[in-house]
Amino acid sequence: MKEYQLGSSKAEIFLMLPERKVKKVILGKKTIGLLRIGEQFFAFDSQCPHRGADLLQANINGWSEIICPLHQYRFDLKTGQVRSGFCSDLPVFPVRLHEEGLTIQIPQ
Ligand code: FES
């Protein structure tokens, strides 16, 4: 597991991540999506586990689910669990907001 830090303060993170807008972040060799809903943060693989569609273009519903733009499969943003459709779960990554910014842990 490798830990990455974004920003240098909570305020900077809130400015960097407007609510409900998926942001592309490249950490090492991995491209992930980052999303803020209120004070909750989610980090997830940028590719859909079904057929690899770009989840950076995905919509978010009111149940904290991400909806793939290609076949509309839904995934729980907290756990990555597939909620509708038949494929493996979406890889999600631990993310934590603290006074010095946002920390994201990515498996190596
Ligand atoms: S590629 Fe995402 S649901 Fe099919």
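The values are calculated or read from the model by the stated rules, or taken from the named source; none is laboratory data. The shown structure was predicted, so the numbers you read here are calculated from the model rather than taken from an experiment. Neighbour counts are summed over all protein chains in view; Cβ atoms, including those assigned to glycine, are modelled from backbone coordinates with ideal geometry. In case anyone asks, the SASA skips ligands and DNA or RNA and just uses the protein heavy atoms, side chains included. Shrake-Rupley method; radii C 1.70, N 1.55, O 1.52, S 1.80 Å.
Could you figure out which of (1) free of Cβ contacts under 8 Å to residues at least 40 places away in the same chain; (2) within 16 Å of T103 (Cα to Cα); (3) under 14 Å from the mean Cα position of the chain (by Cα) isn't true of A11?
All conditions are met except number (3).
Anything in region 18-33 that is of a type in the set (A, V, I, L, M) and out of contact with any helix residue (DSSP H, G or I) (no Cβ under 6 Å at 6 or more places or on another chain)? List them, or say none. First the steps, then the outcome.
Step one: filter region 18-33 for residues of a type in the set (A, V, I, L, M), giving 22, 25-27, 32.
V25, I26, L27, I32 - these are the residues of region 18-33 that are of a type in the set (A, V, I, L, M) and out of contact with any helix residue (DSSP H, G or I) (no Cβ under 6 Å at 6 or more places or on another chain).
Quick one: is L77 in contact with a Pro (Cβ under 8 Å, 6 or more places away or on another chain), buried (at least 17 other Cβ atoms within 10 Å of the Cβ) and in contact (Cβ under 8 Å) with a residue 12 or more places away in the chain? Before you say what the answer is, go through the steps one by one.
Working: in contact with a Pro (Cβ under 8 Å, 6 or more places away or on another chain): no; buried (at least 17 other Cβ atoms within 10 Å of the Cβ): yes; in contact (Cβ under 8 Å) with a residue 12 or more places away in the chain: yes.
It is false that L77 is in contact with a Pro (Cβ under 8 Å, 6 or more places away or on another chain), buried (at least 17 other Cβ atoms within 10 Å of the Cβ) and in contact (Cβ under 8 Å) with a residue 12 or more places away in the chain.
Could you list, in sequence order, the residues of region 46-64 that are surrounded by 19 or more Cβ atoms within 10 Å (Cβ to Cβ) and touching a residue at least 24 places away in the same chain (Cβ under 8 Å)? Let's see the steps before the verdict.
As a first pass, look at region 46-64 and keep what is surrounded by 19 or more Cβ atoms within 10 Å (Cβ to Cβ): 46, 48-49, 55, 58.
Correct list: C48, P49, L55, A58.
For region 20-35, does any single residue satisfy the condition of being within 11 Å of the ligand (Cβ to nearest atom), surrounded by fewer than 19 Cβ atoms within 10 Å (Cβ to Cβ) and assigned to a strand (DSSP E or B)? Write out each step before concluding.
So in region 20-35, the residues within 11 Å of the ligand (Cβ to nearest atom) come out as none.
Looking for residues that are within 11 Å of the ligand (Cβ to nearest atom), surrounded by fewer than 19 Cβ atoms within 10 Å (Cβ to Cβ) and assigned to a strand (DSSP E or B), one finds none in region 20-35, hence no.
Determine which member of the set E12, E3 is more than 13 Å from the ligand (Cβ to nearest atom), open to solvent by 60 Å² or more (accessible area, probe 1.4 Å), at pLDDT 95 or above and outside any strand (DSSP E or B). Can you show your working first?
Numbers: E3 fails: outside any strand (DSSP E or B).
After ruling out the rest, the residue left standing is E12.
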